[in-house]
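Shown next, in structure tokens, is the structure this report addresses.
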Amino acid sequence: MGKGIKRLCFLLLVAYVFCDVTFSQDTLRILAIGNSFSEDAIEEHLHQLAQAEGKVYIVGNMFIGGCSLERHESNMQQNAAIYSYRKVGADGTKTTTEQQTLETALCDEAWDYISFQQVSQLSGKIETYFPYITDLLHYARLLALNPNMQLMLHQTWAYAQDATHSGFANYNQDQLQMYNAIVRTVSQVAEQTGVTKIIPSGTAIQNARASWLGDQFCRDGYHLQKPLGRYAAACAWFEALSGIPVVGNAYRPEELAKEEVRITQTAAHRAVLHPAIISDMSDL
């Protein structure tokens, strides 16, 4: 870690602890160390869902497309300035700053939550998580400005059944096999690392697929459909973070019909209640 960044983190920590600054209890600061799947889940809709409940979410995403935990850990070790840092501010304005390091983002805010995820094709393969996830979690704890910061794992989604992604072969081109592998693996990683919070985007998407809407939540077989799939994942993030049931949330992307919103909100709500199983959606 560079000496300049170390000093900056220390000074920011002093400012948060000793300065006469009051932060609203309705503001949450969330940072994802991810890839295009974190882009799908949090860069759109999450801020608006919070706003509809009178909350303010500051949302950061450290983005490299297709980035694995192994690569994140290597970038951490090298302090590599190769990330696109996307940030949705308190007013909902989104900014993008290129060529950033992980430590710069970690010191940018007193994050309440910091999440990690594996690249999609390896997300159900537990052997690909270690030792990288352990090192990354330690690094986040080391640099966190907020002493109450909570670490999370993002449970991502299985591919569409007709996906042509080469990584689908890891799961025999079987959506349910991939989903079950992700759920099992993320739960095991959480247990082994002591992470207590999992964001069940994968179960939210699988629940929604179990409704009459069917398997239409990915736009290319693996990235989420805009806005339907992205809205479903954001709903899961919102309820998991806030504890407020997302069913009935007033924010609705204008492209979505009311029935689509009702189903995706319900799918996300049931995922938060039961993150490791596919809920019965036949009542919708």
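We did not get these values from a lab; they are worked out from the coordinates using the rules stated. Just so it is clear, the structure is predicted and the values come from calculations on it, not from any experiment. Reconstructed Cβ throughout: ideal geometry from the backbone, glycine too, with neighbour counts over all protein chains shown.
Observations, loosely collected:
- Residue that is farthest from Ser120 (Cα to Cα), among those in the range 69-110 that are small (Gly, Ala, Ser) and touching a Phe, Trp or Tyr at 6+ places or on another chain (Cβ under 8 Å): Ala110
- Complete set of residues in the range 77-102 that are outside any strand (DSSP E or B) and surrounded by 22 or more Cβ atoms within 10 Å (Cβ to Cβ): Leu102
- Yes/no for Lys87 being in contact with a Gly (Cβ under 7 Å, 6 or more places away or on another chain) and either under 18 Å from Asn35 (Cα atoms) or among the polar types (S, T, N, Q) (or both): yes
- Only residues that are of a type in the set (Gly, Ala, Ser) and outside any helix (DSSP H, G or I) were counted across the range 229-282, and they come to 7.
- Some residue of the range 202-217 being polar (S, T, N, Q), within 24 Å of Ile133 (Cβ to Cβ) and in contact with a helix residue (DSSP H, G or I) (Cβ under 6 Å, 6 or more places away or on another chain): yes
- Filtered by the rule that a residue be in a helix (DSSP H, G or I) and of a type in the set (S, T, N, Q), the range 117-167 gives Ser120, Gln121, Thr128, Thr134, Ser166.
- Subset of the range 46-83 [touching a helix residue (DSSP H, G or I) at 6+ places or on another chain (Cβ under 8 Å), hydroxyl-bearing (Ser, Thr, Tyr) and either without any contact (Cβ under 8 Å) to a residue 40 or more places away in the chain or under 22 Å from Ala110 (Cβ atoms) (or both)]: Tyr57, Tyr83
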